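Below is one structure; the comments refer to it alone.
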Amino acid sequence: MGALAIDINDAGITVADATGVLAVEPGFALVDGSRIITGHEARSRSRLQPRQASNRYWSALSLEPGTGGADSDTSAAEFAYAQLEALWQRVGQGVTDVFLVLPGGYRTEQLGVLLGLAQEIGMPVRAIVDAAAAASVRPYHDQQLMYLDAGLYRVAATVLDQGSDVGVRAAHSLTQTGLASLGDAFARRFADAFVRATRMNPFRNAETEQLLYDQLPAWLAALQTQESVELLLSYRGEESRVTVERSAVLGVAAGFYRAVSQLVAQNREPGRRLVVLLSDRLAALPGFTDELARLDDTQVECLAVGHAARSVLFPRPIAVAGEQVKLLKRLPWREAAVQVAAEENVARKAPPPARVAPPTHIVYLGVAYRVGTDGLVIGREADAARRMLVVADGDSGVSRAHCEFVMRDGELKLHDLSRYGTFVNERKVSGETTLQRADVIRLGSPGIELQAVSLETAE
């Protein structure tokens with residue numbers, strides 16, 4: 001068989017060779033008496049036996065007893081070993097080289113634990129490859145490149161250097177959220193729909209709760225393309241059906257989607273077009289690519305399942321010199337550069353047609369404030385020397401005098417004065433910018449939102 005790549009992400013561990021994806025399974029484990037079961041079987045029993053189940057061991061990789069996440073003394077490393085060994089028994093026959101593809105964020109000691117597990121299993125590991133570098137196979141000249149991925153308990157936006165090769169410049173993370181909490185939110189919304197329509201509560205017992213979570217991926221996939229979907233749960237010979245609207249379901253994801261979009265916006269370079277390489281895990285979320293599309297001057301490339309793992313091997317395995325296992329955060333390009341026509345950039349920066357009236361007011365908490373030539377400063381503390389709109393003290397990330405709006409030459413201008421950043425349509429403002437009608441302005445993070453509107457006819 002030759003070379004094999006294993007992309008280790010607790011939301012979906014993917015195994016691939018040069019021919020394609022061989023296996024995808026979730027990072028779940030369950031203690032069943034004296035043995036540990038992993039993957040799909042463990043996930044299918046995780047709601048039935050929650051105290052014996054865990055999906056945190058990959059993020060908490062450690063040899064310490066009790067770190068596995070289940071109600072036992074099992075270490076995270078023992079769960080990880082069980083899953084890797086089961087995978088190796090299925091796909092390891094004839095493999096001479098293994099590349100482990102990992103998200104950023106693992107500490108040096110955790111990498112050591114992982115290599116120790118692989119060695120004990122008998123995996124011939126050649127290198128550990130950063131997932132962001134692995135997924136970036138071709139350069140985008142004169143544009144910023146970012147890889148966006150998520151696990152069960154973490155979201156990461158990795159900024160990449162583009163030169164003669166591709167390398168990780170910086171990784172930025174959301175560590176208080178991930179696909180696990182988002183999945184729970186979706187599940188609760190679906191359960192509420194059943195309660196309202198049929199009075200059947202899927203969370204009333206473990207069996208129906210497990211059935212709901214088993215169906216969750218298929219229901220979310222249907223909502224990618226359908227405005228509504230019929231849900232069906234069969235339990236003990238009885239069927240419960242309910243139809244849910246896409247908009248109602250996506251409402252519970254709004255906070256997560258916004259937080260990820262802000263993570264991207266906060267780490268983009270002002271004045272440059274952005275290309276986001278979006279992992280299959282995030283691309284599969286209904287409505288998420290639409291949220292990213294709101295980012296100004298941004299192109300989103302949705303990656304296929306197993307892309308990062310396959311890209312380490314295709315068109316040929318990454319060359320690694322010497323016998324020592326290398327940690328690779330820079331890789332050669334594997335495909336030709338993407339050229340963007342100059343006219344496209346010009347078109348994106350063209351001013352709006354003259355017949356469109358410029359905005360005249362800024363809306364905050366439903367109230368419109370007129371902006372004149374004397375300007376309007378937004379901040380969290382009043383200043384008698386300026387015309388100011390003071391926002392609530394509890395809004396973190398807002399400076400005393402955060403930004404100023406002013407009408408000049410028939411246009412509404414925004415000037416950033418802050419330490420924390422001002423964003424227009426989730427793009428960070430550098431100095432001053434001209435606003436258009438319906439632009440959404442965010443101050444700080446999580447901050448507050450304002451909107452530019454026109455309430456009078458332009459002369």
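The values are calculated or read from the model by the stated rules, or taken from the named source; none is laboratory data. Quantities reported herein were computed from a predicted structural model and do not represent experimental measurements. Positions of Cβ are backbone-derived with ideal geometry, glycine not excepted, and every protein chain shown enters the neighbour counts. Calculation scope for accessible area: heavy atoms of the full protein, side chains included, ligands and nucleic acids excluded. Shrake-Rupley method; radii C 1.70, N 1.55, O 1.52, S 1.80 Å.
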Original post:
Tell me, which residue of segment 358-392 that is assigned to a loop (DSSP other than H, G, I, E, B) and within 19 Å of GLY421 (Cβ to Cβ) is least open to solvent (accessible area, probe 1.4 Å)?
Top reply: VAL391
Original post:
If you take the residues of segment 410-430 that are of a type in the set (D, E, K, R) and at pLDDT 90 or above, which of them is nearest to VAL377 (Cα to Cα)?
Top reply: ASP416
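Within segment 64-78, can one find any residue that is assigned to a helix (DSSP H, G or I), modelled with pLDDT of 95 or more and not charged (D, E, K, R)?
Residues of segment 64-78 that are assigned to a helix (DSSP H, G or I), as a first pass: 76-78.
From the residues that got through so far, the ones that are modelled with pLDDT of 95 or more too are 76-78.
From what is left, the residues that are not charged (D, E, K, R) are 76-77.
Yes: segment 64-78 contains one or more residues that are assigned to a helix (DSSP H, G or I), modelled with pLDDT of 95 or more and not charged (D, E, K, R).
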Original post:
Can you name the residue in segment 194-247 that is open to solvent by 80 Å² or more (accessible area, probe 1.4 Å) and in a strand (DSSP E or B) and is also farthest from LEU282 (Cα to Cα) among such residues?
Top reply: GLU238
**OP:** Go through segment 88-142 and give me each residue that's at negative phi and small (Gly, Ala, Ser).
**Re:** GLY92, GLY104, GLY112, GLY116, ALA118, ALA127, ALA131, ALA132, ALA133, ALA134, ALA135, SER136
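Tell me which residues, restricted to segment 22-43, are open to solvent by 20 Å² or more (accessible area, probe 1.4 Å) and closer than 17 Å to LEU179 by Cα.
Applying the first criterion (open to solvent by 20 Å² or more (accessible area, probe 1.4 Å)) to segment 22-43 yields 22, 24, 28, 31-36, 38, 40-41, 43.
Result: VAL24, PHE28, HIS40, ARG43.
Conditions tested, residue by residue: (1) farther than 26 Å from ASP184 by Cβ; (2) surrounded by fewer than 11 Cβ atoms within 10 Å (Cβ to Cβ); (3) touching a strand residue (DSSP E or B) at 6+ places or on another chain (Cβ under 6 Å).
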| site | (1), (2), (3) |
| --- | --- |
| ALA284 | no, no, no |
| GLU301 | yes, no, yes |
| ALA309 | yes, no, yes |
| PRO317 | yes, no, yes |
| GLU323 | yes, yes, no |
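Does LEU250 meet the test of being in contact with a Pro (Cβ under 7 Å, 6 or more places away or on another chain), at pLDDT below 95, assigned to a helix (DSSP H, G or I) and surrounded by 18 or more Cβ atoms within 10 Å (Cβ to Cβ)? Talk me through it step by step, then tell me what you get.
Working: in contact with a Pro (Cβ under 7 Å, 6 or more places away or on another chain): yes; at pLDDT below 95: yes; assigned to a helix (DSSP H, G or I): yes; surrounded by 18 or more Cβ atoms within 10 Å (Cβ to Cβ): yes.
Yes; evaluated as a whole, the condition is true for this residue.
Quick check on ALA60: is it open to solvent by less than 20 Å² (accessible area, probe 1.4 Å), free of Cβ contacts under 8 Å to residues at least 60 places away in the same chain and either assigned to a loop (DSSP other than H, G, I, E, B) or touching a Leu at 6+ places or on another chain (Cβ under 8 Å) (or both)? Spell out the reasoning first.
On the way: open to solvent by less than 20 Å² (accessible area, probe 1.4 Å): no; free of Cβ contacts under 8 Å to residues at least 60 places away in the same chain: yes; either assigned to a loop (DSSP other than H, G, I, E, B) or touching a Leu at 6+ places or on another chain (Cβ under 8 Å) (or both): yes.
No.
To keep it simple, each residue is scored yes or no on (1) closer than 15 Å to ARG246 by Cα; (2) touching a helix residue (DSSP H, G or I) at 6+ places or on another chain (Cβ under 6 Å); (3) among the polar types (S, T, N, Q).
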| site | (1), (2), (3) |
| --- | --- |
| PHE186 | yes, no, no |
| ASP192 | yes, no, no |
| ARG204 | no, no, no |
| GLU209 | no, yes, no |
| ALA221 | yes, no, no |
| SER228 | yes, no, yes |
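Kindly establish whether PRO315 is under 29 Å from VAL24 (Cβ atoms), of a type outside the set (A, V, I, L, M, F, W, C) and touching an Asp or Glu at 6+ places or on another chain (Cβ under 8 Å).
So PRO315 does not fit the description; no.
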Original post:
Which condition breaks for GLN89 when tested against (1) touching a residue at least 40 places away in the same chain (Cβ under 8 Å); (2) over 22 Å from the mean Cα position of the chain (by Cα); (3) not in a loop (DSSP other than H, G, I, E, B)?
Top reply: (1)
